[in-house]
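Laboratory data are not the source of any read-out in this text; all were calculated from the coordinates shown. All figures in this text were calculated on a predicted structure; none of them were measured in a lab. For neighbour counting, all protein chains shown are included, and Cβ atoms are generated from backbone atoms with ideal geometry for every residue, glycine included.
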Amino acid sequence: MANTAINIAGVEFKNPVMTASGTFGSGMEYGEFVDLSNLGAVVTKGVANVAWPGNPTPRVAEVYGGMLNAIGLQNPGVDVFIERDIPFLKQFDTKIIVNVCGKSVEDYLEVVEKLSETEVDMLEINISCPNVKEGAIAFGQCADSVFDITKKIKNVSKKPIIMKLSPNVTDITEIAIAAEAAGSDALSMINTITGMKIDINRRTFALANKTGGMSGPAIKPIAVRMVYQCANKVKIPIIGMGGISCAEDAIEFMMAGATAVACGAMNFVNPYLTQEVVTGIEDYLRRNKIDDIHEIIGCVK
Amino acid sequence: MANTAINIAGVEFKNPVMTASGTFGSGMEYGEFVDLSNLGAVVTKGVANVAWPGNPTPRVAEVYGGMLNAIGLQNPGVDVFIERDIPFLKQFDTKIIVNVCGKSVEDYLEVVEKLSETEVDMLEINISCPNVKEGAIAFGQCADSVFDITKKIKNVSKKPIIMKLSPNVTDITEIAIAAEAAGSDALSMINTITGMKIDINRRTFALANKTGGMSGPAIKPIAVRMVYQCANKVKIPIIGMGGISCAEDAIEFMMAGATAVACGAMNFVNPYLTQEVVTGIEDYLRRNKIDDIHEIIGCVK
Amino acid sequence: MKRKVAGQVVINEEIAPDIYSMWIETDLAMDAKAGQFVGVFPANQSTLLPRPISICEIDKSRSQLRLVYRVVGKGTGELSHFKPGRRVMLLGVLGNGYPLDKAEGKHAVLMAGGIGVPPILQLAKDLSGRDSAPIAKDVTIIVGYRDCNTFLKEELEQYGRVIIATDDGSVGTHGNVIDAMKENGIQPEIIYACGPMPMLRAIKTYSEEAAIDAYISLEERMACGVGACLGCVCKTKDIDKHSHVNNARICTDGPVFEAKEVMI
Amino acid sequence: MKRKVAGQVVINEEIAPDIYSMWIETDLAMDAKAGQFVGVFPANQSTLLPRPISICEIDKSRSQLRLVYRVVGKGTGELSHFKPGRRVMLLGVLGNGYPLDKAEGKHAVLMAGGIGVPPILQLAKDLSGRDSAPIAKDVTIIVGYRDCNTFLKEELEQYGRVIIATDDGSVGTHGNVIDAMKENGIQPEIIYACGPMPMLRAIKTYSEEAAIDAYISLEERMACGVGACLGCVCKTKDIDKHSHVNNARICTDGPVFEAKEVMI
């Protein structure tokens, strides 16, 4: 069988298939559908220093080829997470990447410091959530602030870090370059794109938060473009995501330059998706007589 | 019947339904399907100072809920346009808005000066096409350059101008504000979003140009969000567009703050679309006992 | 065990204006309980997420589920055109369902309104013991409709006394289900309910004042249906077990909640 | 007059591996000519644009069009599952079609390869005068296939001499249609062709050297199909009438071009 293992910042993943933060909880719910041990990594829902209640409902809305969400990073806080979710995930033979969110630099640093003392494998730093008022996306839309927060987190983190980039920017390569320059070990992209839906009969917004983050197959071409642009500008590995609904989509991201991929909103449509992508990539490699998945990473220039 | 007439910069449109530049030629082709006299305006394909050959093929690709195009603004140049297309359009009882493109400020000014002497009603200035190497989008992604080019065009134009904005920016309201400050009479948004598609079997880009502009229902939530954001920041009218496929979509844009709307890529799917949107808006107003279309413009806050 | 499976439409017919009744053959029927729901996937790929639809009846002997739904948009509009034999993709079984044992030996009053009526049918069947031993001492069913299109009324009558309220007064009490309860002097010992939010709020208030247990089924926009996305939350009196922020997940902690536990 | 209309599938069957033949009842048949095409809209809404498919046969008496297509992706895959009676949305009739009058009194050689074979069937019928007065003096049909799956061969034989070339040599000439023409000593007075680009290039070269008129049908990714979007252009020797930049629109100026006019 072809080699599907990839390495990011010294962490070895059995395959490049991960879960996109916020679409897979901490794996408990989808553990009923897929064996988490078959995945490259579980990337958890965002965790803050304290519990966050999130936004009012409605928090989700359907759009053509995808959805909008404005969950607002509801989470139990890092202490509960460390006590409950990490032991759960450690039962499986998969890597654990914890998504970290905050409203201030101090928030991020507190979470990073606490998680540094645990058995998780990597930290994904969410500086791109469009649905919370303070912090989050504000950090991620300007190269200088990305450099600054990346540097500060890198200084305290004992785990390799992955900066998660927002697509809501003029030139995502500037942001990627800033994150790399500040020491980020990898990048994940893209977070959701800010969208809006109006219910013309009720004459109101479909989401209580007015705007929400758009995900699903509708955004895939934008995500692939951004992965391609960044992969040609930075040397650190990229975890590509945005609307992946099958192995072919995952391969498209990898050919554009992603070292790994994450399945997001489409888990909601196909709860077996992550497993099917793993198998589908293996099939593609076999059919095309490719020995090592590295042959397809960035192969389209 | 409810009033559907709207006024933009002193130009009276019988209804708010227009065509999105580049999807409707100069109206000749779709004149076989719809009576152009029933439309608020025909917005033409981009016209430059000289003929442009456009990009190599493939120039179009399908994506989920939409398409990518990289036509590259193929056009016969303003002289042929004035001689051939304007007389054609003058046969109909509709307004004529000419989309103007260029590779340098001088290119734009030359076209604007020539069109100023014709019977067209307004000029839409394309500073947001993602598919040409020089000019176009480069002008449209930075507030300062938008201010500058808008000011220069406004100085020479004898027609009201509409700056057409790119969604490929961090904060579209900054661009909108700059265009307004420089004297733009209206805004149209959004142009296409840069995307990419890779054919994993041929291991190459689906488009010869690698990237293309994404349009279709997939981008509608992003477009509605941007129209809403800008409508709450500028006073000049907005022509909203991005994936409109039915009257309900058009109404959504108007409730978000658009004074008029344009049908784009979905003309390719439903060549009767523009006419159906006109009728559908009238039906909605009647069903909801709304006397004047102005009641719905920006009614969702 | 939740799963995504292909079911097959057995029958799909309009039983009142815009209200459809669909029987689907699926082995999810073997796991289903009254008050649970399934996610029905659209065939047209313009939208992707499953539509949560409550289970109206469960026929384990035929391995069939019945869904009664109102056509409100593209998704349900499409569903209404599904013909017998057609494949339909389902996610299920979702949610907790009604706690039947709470009704033991009591006069159970089932209250439902509009498209909240369907799940009450299986519940009435179970509590009245039509298919098994009776659970409740007595079952009264109070259902509210917009008008004279009192769908499922005859079927409900097999399982208890049925009292009707209508918005337009064309049948039964002119008013809501609480009005009908009072008009008919019904004294519940336990309430089970499903329907629009104003009705549920009224039931919450009534049950708290009367100190009666009430179990209400809530609705909210959902994405995953399995508790992962945190889209469909409801404020709760106590901290929730997932995020510890008093936000229960309707899809998994619910859709049925004790009325006094939720802030609606 | 181009229009978007609903047609109805009459029959849809696999005639070779992955090659399907579909007859559709549609009044577009009344306007159709050999070498034109229709846009077939996907039913699944994940993609939206019409797929351009060439017309294989036209039956005006029954108001039916025949499309013979290869299943290559989701769109055509879905189409292959359409059952008789099913509605199919069509945009048509599109393109210019083959100029039949150019063959008057001549020995017309029809060359086609792979999924370029279908449009040649109606053309052969028209030129040979099966349904009307003969146009060409003689009709020879040279068709190339990958292998022994020589779909439409028997039908083509009704309208002229058929010569086969196959990539694998399993039937007829081992090689392409030009090889087959030479091997059989065929001397065309006019060529009509449809097929893959390398074949069309070879025909262009041959026809220019031999100073014979050749009309070739081109393919390109399309969006609108009606000449508005400028997606499907082809470089031409002379300036095009639309943009004056030597870019003809395949969907409207073509798909049939005189070989010497296009730079392929």
Verdict on C:TYR98 being touching a strand residue (DSSP E or B) at 6+ places or on another chain (Cβ under 9 Å), among the aromatic types (Phe, Trp, Tyr) and either touching a residue at least 60 places away in the same chain (Cβ under 8 Å) or within 14 Å of another protein chain (Cβ to nearest Cβ) (or both): yes
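Please work out if C:GLY169 is farther than 19 Å from C:ALA210 by Cβ and either of a type in the set (A, V, I, L, M) or without any contact (Cβ under 8 Å) to a residue 12 or more places away in the chain (or both).
So C:GLY169 fits the description; yes.
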So A:VAL34, is it of a type outside the set (Gly, Ala, Ser), more than 8 Å from every other protein chain (Cβ to nearest Cβ), in contact (Cβ under 8 Å) with a residue 60 or more places away in the chain and surrounded by 24 or more Cβ atoms within 10 Å (Cβ to Cβ): no
Conditions (1) crowded, with 22+ Cβ neighbours inside 10 Å; (2) touching a Leu at 6+ places or on another chain (Cβ under 6 Å); (3) of a type outside the set (Val, Ile, Thr); (4) within 17 Å of A:MET28 (Cβ to Cβ): number failed by A:ASN99: (2)
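Could you pull out every one of the strands (runs of 3 or more DSSP E) wholly within the stretch D:18-119 that has 2 or more residues that are more than 30 Å from B:LEU68 (Cβ to Cβ)?
Here the list reads D:19-25, D:51-59, D:64-70, D:107-113.
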Scope the stretch C:98-112; condition surrounded by fewer than 24 Cβ atoms within 10 Å (Cβ to Cβ) and under 15 Å from the mean Cα position of the chain (by Cα); matching residues: C:PRO99, C:LEU100
Among (1) more than 14 Å from every other protein chain (Cβ to nearest Cβ); (2) surrounded by fewer than 24 Cβ atoms within 10 Å (Cβ to Cβ); (3) not charged (D, E, K, R) - the single one A:MET18 does not satisfy: (2)
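Specify which of the listed residues (A:VAL169, A:VAL146) is within 14 Å of another protein chain (Cβ to nearest Cβ), part of a loop (DSSP other than H, G, I, E, B) and not polar (S, T, N, Q).
Only one candidate passes the filter, namely A:VAL169.
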Residue that is nearest to D:CYS194 (Cα to Cα) [pool: residues in the stretch D:247-264 that are more than 9 Å from chain B (Cβ to nearest Cβ) and in a strand (DSSP E or B)]: D:VAL256
Failed condition for A:SER116, given (1) out of contact with any Gly (no Cβ under 8 Å at 6 or more places or on another chain); (2) within 14 Å of another protein chain (Cβ to nearest Cβ); (3) hydroxyl-bearing (Ser, Thr, Tyr): (2)
Scope the stretch D:131-188; condition surrounded by fewer than 17 Cβ atoms within 10 Å (Cβ to Cβ) and among the hydroxyl-bearing types (Ser, Thr, Tyr); matching residues: D:SER132, D:SER170
Any chance A:GLY212 is out of contact with any Gly (no Cβ under 7 Å at 6 or more places or on another chain), buried (at least 20 other Cβ atoms within 10 Å of the Cβ), within 12 Å of chain B (Cβ to nearest Cβ) and under 22 Å from A:GLN141 (Cβ atoms): no
A:ILE177 surrounded by fewer than 18 Cβ atoms within 10 Å (Cβ to Cβ), assigned to a helix (DSSP H, G or I) and under 19 Å from the mean Cα position of the chain (by Cα): yes
Every residue from the stretch A:62-79 that is in contact with a Ser or Thr (Cβ under 8 Å, 6 or more places away or on another chain) and farther than 28 Å from B:TYR64 by Cα: A:GLN74, A:ASN75, A:PRO76
Residue list for the stretch A:43-86, restricted to those being touching a Gly at 6+ places or on another chain (Cβ under 6 Å) and closer than 18 Å to C:GLU219 by Cα: A:ASN55, A:ARG59, A:VAL60, A:ASN69, A:ALA70, A:ILE71
Enumeration of residues in the stretch C:59-82 that are surrounded by fewer than 16 Cβ atoms within 10 Å (Cβ to Cβ) and within 14 Å of C:VAL9 (Cβ to Cβ): C:ARG62, C:SER63, C:HIS81
Residues of the stretch C:62-75 satisfying the condition of being of a type outside the set (Lys, Arg) and either in contact (Cβ under 8 Å) with a residue 60 or more places away in the chain or over 21 Å from C:GLU155 (Cβ atoms) (or both): C:VAL68, C:VAL72, C:GLY73, C:GLY75
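Residue-wise test of (1) within 14 Å of chain B (Cβ to nearest Cβ); (2) within 22 Å of the chain's Cα centre (by Cα); (3) among the polar types (S, T, N, Q); (4) closer than 28 Å to B:CYS263 by Cβ.
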residue: D:ALA210; (1), (2), (3), (4): no, no, no, no
residue: D:LEU218; (1), (2), (3), (4): yes, yes, no, no
residue: D:ALA223; (1), (2), (3), (4): yes, yes, no, yes
residue: D:GLY227; (1), (2), (3), (4): yes, yes, no, yes
residue: D:CYS232; (1), (2), (3), (4): yes, yes, no, yes
residue: D:ASP240; (1), (2), (3), (4): yes, no, no, yes
Tally of residues being under 18 Å from A:THR259 (Cα atoms) and surrounded by fewer than 21 Cβ atoms within 10 Å (Cβ to Cβ) across the stretch A:152-174: 2
Flag if B:MET226 is assigned to a helix (DSSP H, G or I) and within 12 Å of chain A (Cβ to nearest Cβ): yes
